[in-house]
Amino acid sequence: MGLSTAVLVALGGDPGGVLIGITAIVAISSVISSVTGVGFAPADAAGPGGPVAPLANATAFASGPNSISATSVLGNLARLPADEFSRYLQTNADAVGQLLVSPPAASDISQLWGSFTAAKKSVFLKSAPHVVGNLEGIPFDVRGKANALDLTQTIAKTKSQMASNVGRGVRLELGRQLDTLKKVQQAAKSVKGGAKRTLVMLDTSGAPRAAVVIGDIAKAKYVSYLVPGMFFSVDEQLVDWASTAQELYTEQTSWLRRLLGTSAATAMPGVATVAWIGYQTPALMNIGGLDLATQGADALDNAIAGLQATRIGNEPFISVMAHSYGSTAALLALQRDTVTVDALALLGCPGSDAQSASQLSVRNHNVFVAEAALDPVVHSAFFGSDPGSASYGASVMKVAGGIDPLDHQTLGASIGHNGYFSEGSESMRNLALIGIDQGGLVTIASSGAPKTSLASGR
């Protein structure tokens, strides 16, 4: 691809395995002495004149002799009675925040949360909403409540600081933060006629990250993650990305009704789509490296593990639909054999480190590739093998538009690098079918589509 192509683009865990059981954690914690200080000032130590702390002052962690390990923190959280729980969270806020910096296995967090009494759960949510809202393995409805509380508190704090006697530069920075928070608030608000929305990730430290779920992810039979590529930011794109997830949700439920017919009224499977901006996407000057893709892979891996940890015994069909640089991040995540998904769609992909679809943790090699006309990124193989090549073994789906072979409706074409999520397009039609385990109904430009049906889904 190279810089010239990048310029054109600019224009256009085994979830079931428990690594450390709660019993072991408690035993370890009985040996490790509790330390209440971590040797550095909290993020908001600048006082009322400085910028507001980014949703929490518990996202950094000191190293050295006074630091508290995540294992010790988990052990303390597990063993402390409810009457001591609140004080521990307050006096060890930075150490508790380490759970987000170096996340324990989602299965461990799920087990820990399940061991809490109702009183301890309530105290944890109210005392550390930022941690609860972003910790994979905690139930999504709880995370939604925690993030809503955290967002409300931070908006109020930001407004209060803006009204205080601060300098012009600080006020401008606070204004930008407030604008981002309001965009998140807007994206997380359910729209009239749409499914319920839940804010399941929110971190505005550094480059903001957020994720909004459309539908009930705790019960949905089909869950689709939408992973964006370059130039995607929470403040600029989260509202539109949530709208795209809503459109995919609507398309998926519409297809389920058509395919199920009269039985849809009594046995309609649930659907959830996730507008996921869980990593810092690249801009023009840092698109050439894989550092951000690796960070995205880590975050996506953790997010999927979190979903699987909360749905043991009732696992959904999980699909990942990744665009541009986001597809490179998704490919890196699925090469690790730490999580496995049921379907993967790569849209405008700039290359794969894996040599073939068989090297990815995708069940039944259920991998699809979309390559729109006039997209300068496809076939570039800038980051490795070309997933659209015949040797890769993926199914190349049609996105050029035409007549739907099933309902004979006219489908729009996807043109260029950013047209894959256009409403009414053949691309969106195919993505909807992939997400509900109907890969056999996807319109294919080359052979190799898996033969699936509703009956084969979970």
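As a test, work out the antiparallel percent of DSSP beta bridges whose residues both lie in segment 220-456, rounded to the nearest 5.
Numbers: 4 of 30 bridges.
Among the beta bridges of segment 220-456, antiparallel pairing accounts for roughly 15 percent.
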Estimated inter-spin distance, Val101 and Ile444, nm [label 7 Å along Cα→Cβ]:
4.9 nm
State the extension gain, in nm to one decimal, for the chain segment bounded by His365 and Leu260, taking 0.36 nm per residue of separation less the distance between their alpha-carbons.
35.2 nm
Order these by the 10 Å Cβ neighbour count, fewest first: His417, His408.
His408, His417
Simple spin-label estimate for Asn165/Arg87, 7 Å along Cα→Cβ, in nm, reads 3.8 nm
Add +1 for every Lys or Arg and -1 for every Asp or Glu among the other residues with Cβ under 13 Å from the Cβ of Tyr279, and state the total.
-3
In Å³ per residue, the alpha-carbon convex hull of segment 68-141 encloses 78 Å³
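Can you work out D for segment 254-304 in µm² s⁻¹ from Stokes-Einstein, where Rh is the Kirkwood radius over C-alpha pairs, the temperature is 20 °C and the viscosity is 1.002 mPa s?
Result for D is 152 µm²/s.
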Which of the three applies to segment 220-456, rounded, prolate or oblate, going by the alpha-carbon gyration tensor with a ≥ b ≥ c and a/c under 1.5 meaning rounded?
rounded
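Could you list Val341, Val191, Val271, Val320 so that the one with the fewest beta carbons within 10 Å of its beta carbon is first and the one with the most is last? Intermediate results must be reported in sequence, preceding the final value.
Details: Val341 24, Val191 12, Val271 28, Val320 31.
Fewest-to-most Cβ neighbours within 10 Å comes out as Val191, Val341, Val271, Val320.
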Label point 7 Å beyond Cα of Gln409 along Cβ direction - residues of segment 273-317 with amide nitrogen under 14 Å
none
Rel. contact order, % - alpha carbon contacts under 8 angstrom, at least six apart, segment 220-456
18 percent
Grab every C-alpha pair in segment 238-277, bin the distances at 10 angstrom width from 0 up to the longest one, and report whole percents.
31, 42, 21, 6
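Using the Cβ atoms and a cut-off under 12 Å, what net charge is assigned to the surroundings of Ala370, where Lys and Arg are +1 and Asp and Glu are -1? Don't skip to the end; give the middle numbers.
On the way: positive: Lys398, Arg429; negative: Glu371, Asp375, Glu426.
Here the count lands on -1.
Tell me, what is the percent relative contact order of segment 363-446, built from C-alpha pairs under 8 Å that lie six or more residues apart? Working shown, then result.
Values: 140 pairs, mean separation 23.7, N = 84.
RCO, segment 363-446: 28 percent.
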The exposure ranking of Ser324, Ser190, fewest beta-carbon neighbours within 10 Å first, is Ser190, Ser324
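Each reported figure results from applying straightforward, stated rules to the coordinates on display, with no laboratory input. Note that the structure is a prediction, hence the values are computed from the model and not measured. Don't worry about glycine lacking a Cβ; one is built from the backbone with ideal geometry, like all the others, and counts go over all protein chains shown.
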